[in-house]
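Heads up: the structure comes next, in structure tokens.
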Amino acid sequence: MARYRGRVIISKVDEFGDKIKNLKEWVIKNPNSIHFDSYVEWEVWNYIQEEDIPHLYQPKIDLFPSISTQEFEQPRQTKNSNDTKRKIKTVMQRSIGYTPDFYLPNFDTYVEVKGFAEDVFKLRWKLFKLKGYKGFIVYSLDEFKQLYKQL
């Protein structure tokens with residue numbers, strides 16, 4: 001595992017479970033191959049393949065579409081600025097999307113395989129659940145097997 005500023009960064013792996021050292025170069029050399037964000041994600045995918053479980057890998061979900069809003073322009077950040085009148089402008093807010101790791105259509109269930117959950121993920125997961133999607137977070141292949149038996 002790699003580290004960045006003391007935090008553990010999960011290594012990317014290819015479809016054979018081998019560690020990818022330089023993802024940018026690997027993608028250029030293997031344009032039609034898939035890679036995984038962690039070894040655990042690969043283990044779950046490999047199990048799904050071996051057991052012939054119907055699934056979609058990394059389906060894209062739009063949680064909220066783009067929308068046009070009104071905001072104040074940013075004030076000038078200079079010492080000599082006497083501009084106290086801020087104009088209202090139209091701003092296009094980008095859509096919020098989410099890409100879970102797996103979708104199991106036979107159960108209408110999404111599965112997210114996580115090594116650790118950063119703040120952005122926690123927010124997206126909360127929005128995902130608030131939109132009414134059924135999903136589970138698993139941290140190991142054993143947890144996925146346990147989940148699959150219970151579905």
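The values are calculated or read from the model by the stated rules, or taken from the named source; none is laboratory data. What you are looking at is a predicted structure, and each value in this text was computed from that prediction instead of being measured. Note: ideal-geometry Cβ built from the backbone for every residue, glycine included; neighbour counts use all protein chains shown.
The table below gives the values:
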item	result
Only listed residue being out of contact with any helix residue (DSSP H, G or I) (no Cβ under 6 Å at 6 or more places or on another chain), of a type outside the set (Val, Ile, Thr) and under 28 Å from Leu147 (Cβ atoms), chosen from Leu56, Leu63, Leu23	Leu56
First in the stretch 52-64 and free of Cβ contacts under 8 Å to residues at least 24 places away in the same chain and of a type in the set (Ser, Thr, Tyr), second anywhere and surrounded by 14 or more Cβ atoms within 10 Å (Cβ to Cβ) and in a loop (DSSP other than H, G, I, E, B), Cβ under 7 Å, 6 or more apart	none
The one condition in (1) part of a loop (DSSP other than H, G, I, E, B); (2) in contact with an Asp or Glu (Cβ under 7 Å, 6 or more places away or on another chain) that Ala117 fails to fulfil	(2)
Tally of residues being assigned to a loop (DSSP other than H, G, I, E, B), surrounded by 10 or more Cβ atoms within 10 Å (Cβ to Cβ) and modelled with pLDDT under 90 across the stretch 56-113	5
Residues that are hydrophobic (A, V, I, L, M, F, W, C) and out of contact with any Lys or Arg (no Cβ under 8 Å at 6 or more places or on another chain), drawn from the stretch 118-151	Val120, Leu123, Trp125, Leu127, Phe128, Leu130, Phe136, Leu141, Phe144, Leu147, Leu151
